[in-house]
1. State which residue pairs qualify: first residue without any contact (Cβ under 8 Å) to a residue 12 or more places away in the chain and more than 14 Å from chain B (Cβ to nearest Cβ) and inside segment A:27-49, second residue surrounded by 16 or more Cβ atoms within 10 Å (Cβ to Cβ) and of a type in the set (Gly, Ala, Ser) in any location, beta carbons under 6 Å apart, and separation of 6 or more residues or different chains.
2. Go through (1) of a type outside the set (A, V, I, L, M); (2) closer than 28 Å to B:Gln106 by Cβ; (3) touching a Lys or Arg at 6+ places or on another chain (Cβ under 8 Å) for A:Thr41 and report which single condition fails.
3. Would it be correct to say that B:Leu145 is touching a Pro at 6+ places or on another chain (Cβ under 8 Å) and crowded, with 17+ Cβ neighbours inside 10 Å?
4. Looking at B:Arg140, B:Arg118, B:Arg128, which one is among the basic types (Lys, Arg), free of Cβ contacts under 8 Å to residues at least 24 places away in the same chain and closer than 25 Å to A:Gly101 by Cα?
5. Going through B:Gly35, B:Gly78 one at a time, which residue ends up being touching a Lys or Arg at 6+ places or on another chain (Cβ under 9 Å), more than 22 Å from B:Phe124 (Cβ to Cβ) and more than 16 Å from DNA strand D (Cβ to nearest atom)?
6. Which one of the conditions (1) more than 14 Å from chain B (Cβ to nearest Cβ); (2) buried (at least 16 other Cβ atoms within 10 Å of the Cβ); (3) within 16 Å of DNA strand D (Cβ to nearest atom); (4) not hydroxyl-bearing (Ser, Thr, Tyr) does A:Arg59 fail to meet, given that it meets all the rest?
7. I'd like to check something: does segment A:5-12 contain any residue that is within 14 Å of chain B (Cβ to nearest Cβ) and within 8 Å of DNA strand D (Cβ to nearest atom)?
8. Mind counting the residues in segment B:88-103 that are touching a residue at least 60 places away in the same chain (Cβ under 8 Å) and either closer than 24 Å to B:Asp179 by Cα or hydroxyl-bearing (Ser, Thr, Tyr) (or both)?
Protein chains: 2
Amino acid sequence: MKLSEDPRIIATRNLALDAAQNILQEEGVLAVTHGAVSKATGISRSTLYRHWPRLEAMRNDAFLRAATSPNFAPMTNGPLRTDLGWMMGKLTTALNETPWGHVAPQVIAAAATDKQARAVIEGFMKDRIASLEDVFVAARARGELREGTPVRQLIEMAIAVPYFRKLIAGLPLDQEWLDSHVDLIYRLATLPPK
Amino acid sequence: MKLSEDPRIIATRNLALDAAQNILQEEGVLAVTHGAVSKATGISRSTLYRHWPRLEAMRNDAFLRAATSPNFAPMTNGPLRTDLGWMMGKLTTALNETPWGHVAPQVIAAAATDKQARAVIEGFMKDRIASLEDVFVAARARGELREGTPVRQLIEMAIAVPYFRKLIAGLPLDQEWLDSHVDLIYRLATLPPK
DNA sequence: ATCGCTATGCAACAGATTGTTCTATAGTGA
DNA sequence: TCACTATAGAACAATCTGTTGCATAGCGAT
């Protein structure tokens, strides 16, 4: 058997990372310490040091746990307006209802100095961009997009606004906003040539 | 004379806040402590405690210093495309060349729990939105905008993308990007009715 | 049920950091 | 020159960090 399958290890690890993620989103990266997690969970400090001898590793695991989110398999049956609405709905839900929405600002702040935090963000963004790209590629294959549509730019806009609203401006991502946002992106995508 | 005019106080305060701002952007909010600033500046800890008995106040002063930026007086002579380019250029420059571009992620992360950090962000955003609003209002007065143009939504998009690129995605804000971004916003603003 | 194996809890420790208070020194304005 | 006060520095208890050694309890296998 693999060592990591010992149920005691699993339990300790899960309990610790849940608490770490909590501390991360409520007090910031630097507050995630062996001592703080120990106090929050009842796990003894020495045990936590055994699991994560380097504090950085524990923080990174907390990042990763928060960034892990449900599958983003794109729907590309068309029409574009429908696919777009579905994908943006998924993205909005992830920001609204998973820990990522709360932890992301902390990870972003940590990315200034922490390579692993930056890697977490880049991986996350790459996924989102790829999902939307699939939607646009399928739309183009169906002939819904004219030549020269700035797909990358549209994708960036589609993602930037909800992130900006949620993480930076502190504005809600509700259904009404979502509809008008998707509508604007869609109109931009199907704009006649200049 | 006012106590605060003693040159020793001014000097100590400036030196300390410069260092605090530096630590803020490089190591995060929680790293800004009396001890860290003392070590960075040579100012003795006891002096720093005299200036800011509460650590929170020192951090907030560091936030404010970073968020203070050059005047954003809008240019509203028209045409809209020109005004828009000018304003977005100012916003981009501020993100690229002032401390705000580096400190903002830390302030945003701190805003999760720190009311003053949130106030700093909200004030900053309100300024930016108001500046762009002036541009659109002037354009409407000149008859450049049709009725029903979703100005608030356009402003949000205009601001969201550069913030997203710079703070979240880690992408550059160069001239080429700026031109195509302004172009897209302009086309959206002057879109024919559905 | 028993027996190795090992993860955990607990206590102890040095070193660093924090918040506080005191005194001596040095810069300030009159 | 003189009174005032900001600063530096030292000392202190309290807390936090990183590490180690040992006893206990849970695990899988026989």
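1. Every condition considered, the pairs that remain are A:Arg45/A:Ser38.
2. Going through the list (1) of a type outside the set (A, V, I, L, M); (2) closer than 28 Å to B:Gln106 by Cβ; (3) touching a Lys or Arg at 6+ places or on another chain (Cβ under 8 Å), A:Thr41 breaks only (3).
3. no
4. Values: B:Arg140 fails: closer than 25 Å to A:Gly101 by Cα; B:Arg128 fails: free of Cβ contacts under 8 Å to residues at least 24 places away in the same chain.
When all the criteria are applied, what remains is B:Arg118.
5. Working: B:Gly35 fails: more than 16 Å from DNA strand D (Cβ to nearest atom).
Among B:Gly35, B:Gly78, only B:Gly78 is touching a Lys or Arg at 6+ places or on another chain (Cβ under 9 Å), more than 22 Å from B:Phe124 (Cβ to Cβ) and more than 16 Å from DNA strand D (Cβ to nearest atom).
6. (1)
7. The first filter runs over segment A:5-12 and keeps only residues within 14 Å of chain B (Cβ to nearest Cβ), leaving none.
Taking every residue of segment A:5-12 in turn, none turns out to be within 14 Å of chain B (Cβ to nearest Cβ) and within 8 Å of DNA strand D (Cβ to nearest atom).
8. The initial filter retains those residues of segment B:88-103 that are touching a residue at least 60 places away in the same chain (Cβ under 8 Å), namely B:88-89, B:91-92, B:95-96, B:99, B:101-103.
Next, from what is left, pick out any that are either closer than 24 Å to B:Asp179 by Cα or hydroxyl-bearing (Ser, Thr, Tyr) (or both): B:88-89, B:91-92, B:95-96, B:99, B:101-102.
The qualifying residues number 9.
The values are calculated or read from the model by the stated rules, or taken from the named source; none is laboratory data. In this text the structure is predicted, and so the values were computed from the model without any measurement. Cβ coordinates were reconstructed from backbone atoms using ideal geometry, including for glycine residues, and neighbour counts include every protein chain displayed.
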